[in-house]
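Bear in mind these aren't lab numbers, they're just calculated from the coordinates by the rules spelled out. Since the model is a prediction, treat every value here as computed from it, not as a measurement. Virtual Cβ from ideal backbone geometry, glycine too; neighbours counted across all protein chains shown.
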Amino acid sequence: MENLELNAVLVEQLLGLNSLVTAMTKEVVEKEGLNESQANLLWLIDPQADPVPLRELALRLQCDPSNVTLLSAKLEEKGLAKRAPHPQDGRVRTLVLTRAGKRSRDRLLAGAYARSPFTALGDREQQQLHRLLAKVLESRTTARAAG
């Protein structure tokens, strides 16, 4: 298979995988009363890590910061998160999970893991896929920052 053809097949496979993951997690997301975008944002907020600026969350979600502002407001309305100043720079806003938000995130993660298509892979295969995807995503981030 030529490189161009292989790239097209890989993109097609990833689109299929995205559809599969979306369908598999749809029930879990809906059970939490969220839409996919809200669930994605909730997923990104690790309560064990340092707070992440809203602008950084927008980069991770590959969307405009104004979208993260709207999503943050929806999560606040649902009592799942609250916007707060960054501990090191009070001018920067972050999103912090509430107790209810942490529980909701835990249910989302558990539901996604239980339905994960990656269970078809062994531990070594999952590690290999992780490294390869990280390499692809890192090269894309680096290219975007340079361009």
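Once the Cβ-Cβ distance between D64 and K135 is put in as r, and R0 is 25 Å, what FRET efficiency do you end up with, to the nearest 0.05?
0.40
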Long-range amide H contacts for A81: which residues qualify at under 5 Å (H placed 1.01 Å from N, peptide plane, sequence gap of 5 or more or a different chain)? E76, T98
Relative packing of peptides 72-80, 129-137 - highest average C-beta neighbours within 10 Å first: 72-80, 129-137
Step by step: find N for the chain, compute 2.2 N^0.38 Å, then divide the Cα radius of gyration by it. What's the final number? 1.18
Between S19 and E2, what is the label-to-label distance in nm when each label sits 7 Å out along the Cα-to-Cβ direction? 2.6
Which net charge results for the neighbourhood of L57, defined as the other residues with beta-carbon distances under 15 angstrom from its beta-carbon, given Lys and Arg at +1 and Asp and Glu at -1? +2
Could you derive backbone 3J(HN,Hα) for the range 63-78 from the dihedral phi with the Karplus parameters 6.51, -1.76 and 1.60 (θ = phi - 60°), listing whole Hz in sequence and x where the residue is Gly or Pro? 9, 6, x, 5, 5, 5, 4, 5, 5, 4, 4, 5, 5, 5, 4, 7
Run the dipole for the chain about the Cα centre, Lys and Arg Cβ at +1, Asp and Glu Cβ at -1, nothing else charged, and hand back the magnitude in debye, nearest 20. 620
Quick one: if the Förster radius is 25 Å, what FRET efficiency do Q127 and V96 give, using the C-beta to C-beta distance and rounding to 0.05? 0.20
Starting from the Cα-Cα distance between A114 and E77, subtract it from 0.36 nm times their residue separation and give me the gain in nm to one decimal. 10.5 nm
In this structure, among K26/K135; K26/K82; K26/K74, pairs with alpha-carbon gaps over 20 Å are K26/K135; K26/K82
As a test of the formula, what do you get for the chain when each DSSP H run with n ≥ 4 contributes -39,500 (n - 2.57) and the sum is divided by the residue count, at 222 nm and rounded to the nearest 500 deg cm²/dmol? -22500 deg cm²/dmol
